[in-house]
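The values are calculated or read from the model by the stated rules, or taken from the named source; none is laboratory data. Owing to the predicted nature of the structure, the values given are computational and were not obtained by experimental measurement. Note: ideal-geometry Cβ built from the backbone for every residue, glycine included; neighbour counts use all protein chains shown. The accessibility values were calculated without ligands, DNA or RNA, using every heavy atom of the protein model including side chains. Shrake-Rupley method; radii C 1.70, N 1.55, O 1.52, S 1.80 Å.
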4 protein chains.
Amino acid sequence: MIEVGPNRYGKSAIRLVKVDRDGGAHRVRDLTIDISLAGDFAASYAEGNNAGVIATDTMKNTAYALAGEHLTGAIERFGLALGRHFLGERQVERATVSIREHAWLPIGAAPDAFTRDGSSTRTARVSVGRPDAEIRAGIADLAVMKTAHSAFAGFPRDRFTTLQETDDRLMATKVTADWQYEPADGLDFDACFGAVRATFLDVFAEHHSESVQASIWIIGKAILEQHPEVAEVSMSLPNLHHWTVDLSPFGIENDREVYVATAEPHGLIEATIRRSDLG
Amino acid sequence: MIEVGPNRYGKSAIRLVKVDRDGGAHRVRDLTIDISLAGDFAASYAEGNNAGVIATDTMKNTAYALAGEHLTGAIERFGLALGRHFLGERQVERATVSIREHAWLPIGAAPDAFTRDGSSTRTARVSVGRPDAEIRAGIADLAVMKTAHSAFAGFPRDRFTTLQETDDRLMATKVTADWQYEPADGLDFDACFGAVRATFLDVFAEHHSESVQASIWIIGKAILEQHPEVAEVSMSLPNLHHWTVDLSPFGIENDREVYVATAEPHGLIEATIRRSDLG
Amino acid sequence: MIEVGPNRYGKSAIRLVKVDRDGGAHRVRDLTIDISLAGDFAASYAEGNNAGVIATDTMKNTAYALAGEHLTGAIERFGLALGRHFLGERQVERATVSIREHAWLPIGAAPDAFTRDGSSTRTARVSVGRPDAEIRAGIADLAVMKTAHSAFAGFPRDRFTTLQETDDRLMATKVTADWQYEPADGLDFDACFGAVRATFLDVFAEHHSESVQASIWIIGKAILEQHPEVAEVSMSLPNLHHWTVDLSPFGIENDREVYVATAEPHGLIEATIRRSDLG
Amino acid sequence: MIEVGPNRYGKSAIRLVKVDRDGGAHRVRDLTIDISLAGDFAASYAEGNNAGVIATDTMKNTAYALAGEHLTGAIERFGLALGRHFLGERQVERATVSIREHAWLPIGAAPDAFTRDGSSTRTARVSVGRPDAEIRAGIADLAVMKTAHSAFAGFPRDRFTTLQETDDRLMATKVTADWQYEPADGLDFDACFGAVRATFLDVFAEHHSESVQASIWIIGKAILEQHPEVAEVSMSLPNLHHWTVDLSPFGIENDREVYVATAEPHGLIEATIRRSDLG
């Protein structure tokens, strides 16, 4: 016998810009939205019956239609409004709304001119069912580097090991991190995001790293300790290797000064740090 | 209390090309390899202790070192050899090797000149533990289109629905699909891959589609019926919308002839079709 | 005094798909079109006067509107029709239409199902003025490799030279090439394209290369010798380095078998080969 | 007769990071460098003679080798040093060095931790011959938006025109601009870059736009008027259309509030504004 297993569907890459013109200065919201639904959709697969299939085009329309009323604060709130809207249909058991927010900063004191801050992307992932809602906030595309206080030594050596131990390497990564709020009721999501982001950057800057793994632990632990609303934090950190260039053939000393930056291959370290009572 | 939750680490985007020069004509193998390990690595996080951390640089070296002896047939075999190598270390509980193979085709009868076939990518994902091994094969980057026999109608209409029903739309997608072999012992992975790929294309070409969901079911069911070695197949199909251009303002009729191809937003339908005794 | 210097404007990335349903089997044309105009547009800059500015939105509409009647054969013909349309406006002195065609191949014998051939892109660049028209055809995204008959030796050595000479390296590139037809009147552009492409591949496969430069010469010369309608051919060839992996630390011999494929940095060789009476 | 026409060759995408550790706080320089040479290289094409062909691998080595001594200030200075080095070889008639600098900003007061500022890229293009040197500086990847004071009206209407006139549209673009310094002797390139960038942003924010063309003129004219060291400025501005979403089917008013951001197709306006005595 053959059956439909896990499945979901939706609309991805909905590009929505909203301009709030109410105050003296405009405010730009620039979002990329993915919506996906799971539930009682087996008939759409096995019988070609679309009676329950909310069109993905309708999902897109809904995002634009609800933005005026519901995109007035944090993206988490807009995600909740969108998710709950789709839960209004009986066949939907879980609606997941993922939002990436691209920041625009005013140019000087101008009320209506902006530059896009490409330094990082704020993310939210709201997954609503009956009755639960899981809210994750995060950050992506954040490139960071430590030019000191990063080591990698004491690792095992086998016949294929050539890497030298080092107590002073250049460490660079492009952060993708997100964390779950629990309980999420009544949180000021903008303030929480700013605070967690600040903790991330502060600890990244100050800590001594024995490895990317150790950095994840130190940063994650600090986030959990300083932010009781965070139940767990997950990070996916590529290790973007910078190799010291060997200039000795040219009679030039190179003491941690000139590096070649590489993209392929790269290390990739992924872990969740959590409160153990969540086990 | 704070603890390390799920975690893994490894090397990604290892680019390996192997040239087999033994026969009269050369053969080019062009792989992108991701290796990741999970197991007893908590100390590397919480204590900064690298005694068990196989360096990702060593993983890269290992891939190149083992290619001569073990990359002689299907990428699934090479993935198994790599995964089992890393399981030789006690702290490793699971080694996952994901490989994408980029095909090169001979130019005419030349023994030593090739063009890259950019039409699709063959994938494999081998995950080995003690004692089990899960082997998935797949295809990616395969763009396909149906210019007839694709409909979408009968879907619910709410206040945000504007999409018209259609019994003849253009359907286009970029296929990412993979499937699990079970049992995998003794399979000719190259033959299996070719056969499943052929079934996919044949059924895609011949079936009548009531929706992308229905297409996934019809294609997936055929794969399971025709290939007993396949236990389940998963597909992730973006619906790359092609909209009929309204040329009526210009006095030009456009009966399913001229379309605008779009990338954003796009539908996204993801499902697994499986034998129900897998429950 | 300040003035407007060279300038042009237009619409880029117009995505157009046309389905010809007339015969027994459908035919899919999939184009990405860039249109740009140059001429008497200084007032639109210096005076903010849009009286002569054909809206780029109108250009887009025009491409879709003319496709039914004019996209019936080679993309060069469609480019000519589009370019000449815009020359109908007095202020336009030169209209340039660049088209990339993405090939779709039938799946088996199906009349209405296709796979996209991602192996290369056909290009055309039609630039029409009064009265001249320049027609260039080309190919892009064509990855090719030679696993023998490629050398690089005899180059100068200075204090910064470490590269070893080799008489047997792996040579790989991603071809961007285009060529000018002159005279272009009455040419069968589809046949010409196919013939020049075949010459490119044949000579690439058969020749012995002393360098990428030498390859450009040998291939370009063959194209000019075998195709009298081609006045000149330009190539832009990245040298996508594949380095032999040093496996000697592991006691493994590696005689031109295992390579690391790299993308950054890469050589880049660009040249035009032409009939000298064009000088 | 067949001959080699215009040609050049070099190394692209050289990724170089330099860390200056001399002061109390580190400074990170992160560059992507392209080097190309033109000159007496016909023999490398037509005769396969590499006697004059400086290997592109040597170019890469040279960039790393000279960075310690010559990458101490503006990228224009480093480009000049690199270019002049290659002019030391007789067969080189022109050396062009293009550099993109990726900015890293300190995290708080940390001396050795940084975030990458992805908001824009500084560029330089230094082209040196005998005896002249042309120095262009620029900016890329700078996304800017005006939410007011942008119009587009008064354009001609033909049978294919459907765009409505507007006196209040949202204008967004991703700036690529560069400008030539003349004379360049003795300039403080870092100060000049900062000043021209500030003028660009200030005028962008303050001006009223009748079209992208008019914006280019107004901004370019201001740059030339305020910066006598700039001889000409070129801009390539995509018009990244944001369309007001029609929410009237849902009974929702949308007065310049909710937009769909689009990437394909886009307008593209390119022009040079210059001092007319350069004619």
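Side notes on the structure shown:
- Hey, B:R130 surrounded by fewer than 16 Cβ atoms within 10 Å (Cβ to Cβ), modelled with pLDDT of 95 or more and more than 10 Å from chain C (Cβ to nearest Cβ) or not: no
- Failed item in (1) open to solvent by 30 Å² or more (accessible area, probe 1.4 Å); (2) touching a strand residue (DSSP E or B) at 6+ places or on another chain (Cβ under 7 Å); (3) in a loop (DSSP other than H, G, I, E, B), with A:A184 passing the rest: (1)
- Looking at segment A:201-279, the strands (runs of 3 or more DSSP E) lying wholly inside it that each contain 3 or more residues that are within 11 Å of chain B (Cβ to nearest Cβ) and among the polar types (S, T, N, Q) sit at A:230-239.
- The set of residues from segment D:110-141 being of a type in the set (F, W, Y) and under 21 Å from D:I223 (Cβ atoms) is empty.
- Segment C:132-159 - residue that is among the basic types (K, R) and outside any loop (DSSP other than H, G, I, E, B) and, of those, nearest to B:A172 (Cα to Cα): C:R136
- Among the residues of segment B:225-252, the ones that are more than 30 Å from C:A63 (Cβ to Cβ), of a type outside the set (D, E, K, R) and surrounded by fewer than 21 Cβ atoms within 10 Å (Cβ to Cβ) come to 5 in all.
- Residues of segment A:134-145 that turn out to be more than 7 Å from every other protein chain (Cβ to nearest Cβ) and buried (at least 21 other Cβ atoms within 10 Å of the Cβ), as a count: 4
- D:F200 vs. criteria of a type in the set (F, W, Y) and either open to solvent by 30 Å² or more (accessible area, probe 1.4 Å) or closer than 29 Å to C:M59 by Cβ (or both): yes
- Residue within segment A:28-43 that is under 27 Å from B:T166 (Cα atoms), charged (D, E, K, R) and more than 10 Å from every other protein chain (Cβ to nearest Cβ) present: yes
- Residues satisfying the stated conditions in segment A:74-118, i.e. under 15 Å from the mean Cα position of the chain (by Cα) and either open to solvent by 30 Å² or more (accessible area, probe 1.4 Å) or free of Cβ contacts under 8 Å to residues at least 40 places away in the same chain (or both): A:S98, A:R100, A:A103, A:G118
- For D:P228, the requirement of being more than 28 Å from B:F160 (Cβ to Cβ) and without any contact (Cβ under 8 Å) to a residue 12 or more places away in the chain is met.
- Here segment B:18-48 is the region considered, the condition is being touching a His at 6+ places or on another chain (Cβ under 8 Å) and of a type in the set (D, E), and the residue that is farthest from B:T123 (Cα to Cα) is B:D20.
- Single unsatisfied condition, B:T176 versus (1) modelled with pLDDT under 95; (2) open to solvent by 60 Å² or more (accessible area, probe 1.4 Å): (1)
- Checked against (1) among the hydrophobic types (A, V, I, L, M, F, W, C); (2) under 24 Å from the mean Cα position of the chain (by Cα); (3) at pLDDT below 95, B:M1 passes all but condition (2).
- Inside segment B:92-131, residues that are under 19 Å from C:S119 (Cβ atoms) and assigned to a strand (DSSP E or B) make up a count of 18.
- C:D255 without any contact (Cβ under 8 Å) to a residue 24 or more places away in the chain, under 30 Å from C:R77 (Cβ atoms) and either touching a Phe, Trp or Tyr at 6+ places or on another chain (Cβ under 8 Å) or open to solvent by 40 Å² or more (accessible area, probe 1.4 Å) (or both): no
- Yes/no for A:I14 being at the interface with chain B (Cβ under 9 Å from one of its Cβ atoms) and under 20 Å from D:H242 (Cβ atoms): yes
- Considering residues of segment D:44-74 that are more than 7 Å from every other protein chain (Cβ to nearest Cβ) and among the charged types (D, E, K, R) only, the residue farthest from A:G251 (Cα to Cα): D:E47
- Selection from segment A:75-126 of residues that are within 14 Å of chain D (Cβ to nearest Cβ), farther than 18 Å from D:L142 by Cα and basic (K, R): A:R100, A:R122
- Taking (1) closer than 12 Å to B:G267 by Cβ; (2) of a type outside the set (F, W, Y); (3) not in a strand (DSSP E or B) in turn, A:S36 satisfies each apart from (3).
- Within segment C:50-73, the set of residues being of a type in the set (G, A, S) and either over 14 Å from C:T32 (Cα atoms) or open to solvent by 10 Å² or more (accessible area, probe 1.4 Å) (or both) comprises C:A51, C:G52, C:A55, C:A65, C:G68, C:G73.
- Test: D:V19 is more than 14 Å from chain C (Cβ to nearest Cβ) and either without any contact (Cβ under 8 Å) to a residue 40 or more places away in the chain or crowded, with 23+ Cβ neighbours inside 10 Å (or both): yes
- Residues considered: C:A153, C:A148. Of these, the only one that is open to solvent by 30 Å² or more (accessible area, probe 1.4 Å), touching an Asp or Glu at 6+ places or on another chain (Cβ under 6 Å) and within 11 Å of another protein chain (Cβ to nearest Cβ) is C:A153.
- The residue of segment A:156-173 that is surrounded by the fewest Cβ atoms within 10 Å (Cβ to Cβ), among those that are more than 8 Å from every other protein chain (Cβ to nearest Cβ) and touching a residue at least 12 places away in the same chain (Cβ under 8 Å), is A:D167.
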